[in-house]
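Read through the structure below, which is laid out as structure tokens, and then see the notes.
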Amino acid sequence: MIEDKLLIWRFKCGSSEALCRIYKKYKNDLLKLASALLNDTYAADDVVQDCFVSFAQSADRIKASGNLKSYLATCVANRARNRLRARKRQETVEPDEAKSAESNLKRPEQWIIYSERLRRLNDALCQLPYEQREAISLHAHAGMRFKAIAQLQDASINTVQSRYRYGLDKLRSILANEAEL
Amino acid sequence: MKPAKNIGKLIKNIDIDTNAKTDEAVLNNTLKAFENSKKEKSAATAPNIWRTIMKRPFTKLAAAMVILIALLGVIFIEWSTRPAWAIEQTVEALEQIKTVKITGLSIYDSKPIPFKCWIKFSGQNRKSFNMRYECEREVAVVRNNLAFGYNPRSNKVEIFSGPKIHKELQIWYKVRELSPWVAGKILEVLKVLTDNWQETYEKNPKTGSDRVIVTCSYKPLNASFWFVVDLESKLIIEGKHWFNINREGAPNFHAQSFVYNQEIPDEIFDFKIPGGAKVINQQDLEQADALFDKAFKLYDKDKNYSEAITIFQQVYELYPDKNIAEEALSMIGICYGAMGKYQKAIESFEKAIREYPDLKGWIESTYFYLGRAYMKNGQKDKALEAFKNCLVLGEDFHKPNAFPLEHARKYIDKLENEK
């Protein structure tokens with residue numbers, strides 16, 4: 001945490017090295033979070049990339065006292081939500097059609113290299129209601145506290161804890177029916 | 001590890017690998033954005049603003065604003081490579097501008113329509129301005145904190161005011177915040193945006209005066225520019241803007257003449273609501289949005305399509321003069337599609353197209369949905385026609401590799417292969 005405070009302070013003072021360090025420190029967690037929320041390879045790549053670029057441009061707006069990881073995770077979660085909302089509203093394409101359209105896009109420089117474990121976990125997470133998936137992912141991947149998640153989800157802490165618990169139970173039963181991860 | 005035993009730990013500890021090349025590229029982009037941001041704080045908002053502009057129903061006016069700003073802004077880019085463009089001289093010239101009148105052509109439904117635009121700066125440091133843009137298809141007036149948008153075809157006036165100005169108008173205010181025309185912010189923004197910058201110095205064949213012709217483009221937004229700067233006055237004298245990066249075809253916006261510092265009477269910025277015009281205010285729009293969201297939740301989350309249709313129908317009936325009514329009709333079609341009632345879906349999409357034929361930015365998606373409903377209904381020829389309409393109408397408004405164009409093209413290929 002103290003390291004993060006120093007990083008933010010140096011970043012706000014204009015240090016590119018501090019930004020590099022922040023990037024390297026959190027990119028994997030943010031990619032895991034985005035891929036869990038979106039379960040869409042390219043969208044997850046885009047969201048995290050947008051998040052870092054936007055972060056880099058916001059040095060004057062970041063509070064030195066804030067929790068850096070939580071800030072970045074919230075940024076990813078908000079962007080993921082917007083992405084899903086836009087997708088639903090504008091692209092009411094049936095799932096099989098959307099999938100085949102996506103798969104035809106050739107983008108060789110895919111950022112996340114998916115392991116079979118990660119893919120299966122994300123597929124399982126995807127079967128949960130979005131709020132549960134979000135609560136689990138933010139807590140597990142981004143280490144966010146329930147209070148912060150409650151703020152993001154505009155819900156009470158109890159509700160978020162229930163979402164987390166029910167989500168884990170359901171996830172457990174989904175994965176229990178599969179082979180060992 | 002058995003997942004059933006410690007699922008939380010499993011999620012937390014799962015490994016992830018990344019492509020090193022992409023890692024480096026993203027980091028470079030991030031650092032570049034950081035460096036640019038340090039120099040040009042205002043640059044951060046520009047791409048989003050630009051994207052928003054292109055998506056909004058007020059696109060023509062917004063595009064006009066962009067080109068006007070761009071035209072006066074981009075002349076600073078790479079000024080240092082040409083001594084003829086001493087920035088101090090240009091700033092000095094621009095600082096004298098109190099008013100500007102621009103006339104030219106703007107494309108509506110593939111036809112060039114003449115327009116006029118007046119802008120008058122006011123207040124200290126010219127931080128605010130009044131504006132009027134008019135052509136036979138629309139009139140828009142911004143005066144202090146009030147904005148009016150008038151569509152003569154539907155005889156509809158939209159009024160926006162105050163800090164919670166509706167999203168269509170927010171963009172104007174964003175543009176205004178950036179202190180366009182003269183202040184440095186917008187210039188800094190454009191320095192970051194454009195590429196393929198080319199300058200050609202020449203004599204004006206008519207007047208013999210020196211001038212420079214500049215071209216540049218911005219790939220991510222599929223936009224390109226061509227404009228002429230008079231080297232004596234250092235001001236823009238003509239400009240064009242295309243919604244493609246190669247300046248192909250007729251320009252979507254052609255500012256043919258700029259008249260600077262001519263007296264503009266304040267009456268120009270008055271707006272009188274035409275007789276019989278339907279007036280829509282901001283509160284109506286917020287209520288329509290709330291009802292629409294309620295219906296959308298029923299469709300998306302609860303899968304309660306029949307209830308969603310009832311509420312979308314209410315949105316349409318209560319607010320038929322708003323863009324959201326077209327969206328509501330489109331959503332009714334989508335709900336019927338989800339219920340497998342394709343004939344009903346077709347009727348709804350066709351109604352949306354019939355009643356809102358000019359609603360660019362939305363109507364192309366409706367054509368896509370119509371095509372899909374025809375396909376499901378076994379009417380392949382009609383489906384093909386609808387997908388083609390989607391492509392033609394959408395080419396100026398959507399990226400070619402994104403929804404709905406990408407999907408429409410895919411279906412066209414499929415249908416033509418089946419012939």
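The values are calculated or read from the model by the stated rules, or taken from the named source; none is laboratory data. As the structure is a prediction and not an experimental result, all values here were calculated from the model. Counting neighbours? That spans all protein chains shown, and the Cβs are built from the backbone with ideal geometry, glycine included. Quick note on the areas: whole protein, heavy atoms, side chains included, nothing else; ligands and nucleic acids left out. Shrake-Rupley method; radii C 1.70, N 1.55, O 1.52, S 1.80 Å.
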Accessible-area loss of at least 30 Å² (1.4 Å probe, chain alone to full protein assembly) applies in the stretch B:365-410 to B:Tyr369, B:Arg372, B:Lys376, B:Phe403, B:Glu406, B:His407, B:Lys410
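What net charge do the residues around B:Tyr374 carry, taking every other residue with its C-beta under 11 Å from that of B:Tyr374, with Lys and Arg at +1 and Asp and Glu at -1?
Working: positive: B:Arg372, B:Lys376, B:Lys380, B:Lys382; negative: B:Glu350, B:Asp381, B:Glu385.
Around B:Tyr374, the charge tally is +1.
Report the A-B buried area as the accessible area lost on both sides summed, probe 1.4 Å, in Å² to the nearest 100.
When A and B are taken together, about 4800 Å² of accessible area is lost.
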Cβ-defined net charge surrounding A:Tyr26, 10 Å radius [Lys, Arg +1; Asp, Glu -1]: +3
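Mind scanning B:Lys21/B:Lys414; B:Lys351/B:Lys419; B:Lys278/B:Lys351; B:Lys111/B:Lys272 and naming the pairs with a C-alpha gap bigger than 26 Å? Don't skip to the answer; put the middle values down first.
Working: B:Lys21/B:Lys414 35 Å; B:Lys351/B:Lys419 29 Å; B:Lys278/B:Lys351 21 Å; B:Lys111/B:Lys272 28 Å.
As for pairs spanning more than 26 Å Cα to Cα, those are B:Lys21/B:Lys414; B:Lys351/B:Lys419; B:Lys111/B:Lys272.
Please compute the length gained on full extension between B:Asn261 and B:Lys376, using 0.36 nm multiplied by the number of residues separating them and subtracting their Cα-Cα distance. Walk me through the intermediate numbers first.
Details: separation 115, 0.36 × 115 = 41.40 nm, distance 5.97 nm.
Residue separation times 0.36 nm, minus the Cα-Cα distance, leaves 35.4 nm.
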Given the options A:Tyr166, A:Ser156, A:Ala142, identify the residue whose Cα lies farthest towards the positive end of the charge dipole of the stretch A:133-181 (+1 on Cβ of Lys, Arg; -1 on Cβ of Asp, Glu). A:Ser156
Based on the Cβ-Cβ distance from B:Asp270 to B:Glu347, what FRET efficiency comes out when R0 is 30 Å, to the nearest 0.05? 0.10
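May I ask which of A:Lys170/B:Lys376; A:Lys12/B:Lys12; B:Lys156/B:Lys380; B:Lys294/B:Lys341 have a Cα-Cα span longer than 27 Å here?
Details: A:Lys170/B:Lys376 35 Å; A:Lys12/B:Lys12 30 Å; B:Lys156/B:Lys380 37 Å; B:Lys294/B:Lys341 22 Å.
Over 27 Å apart, Cα to Cα: A:Lys170/B:Lys376; A:Lys12/B:Lys12; B:Lys156/B:Lys380.
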Sequence order, the stretch B:344-349: Karplus ³J(HN,Hα) from phi using 6.51 cos²θ - 1.76 cosθ + 1.60, θ = phi - 60°, Hz rounded, Gly and Pro as x, gives 5, 4, 4, 4, 5, 5
Sum up the charges of everything whose Cβ sits under 14 Å from the Cβ of A:Ile149, counting Lys and Arg as +1 and Asp and Glu as -1, but leave A:Ile149 out. +4
Restricting the stretch B:248-342 to GluC sites (Glu not before Pro) in coil, as DSSP defines it, with at most 12 other Cβ within 10 Å: B:Glu248, B:Glu263
Describe numerically, in nm with one decimal, the distance between label points set 7 Å from Cα along Cα→Cβ at B:Ser110 and at B:Asn304. 4.5
Taking Cα centroids, how far is the stretch A:28-81 from the stretch B:237-315 in Å? 31
Trypsin sites (Lys or Arg not before Pro), restricted to the stretch B:278-308: which are DSSP loop and have at most 12 other Cβ atoms within 10 Å? B:Lys301, B:Lys303
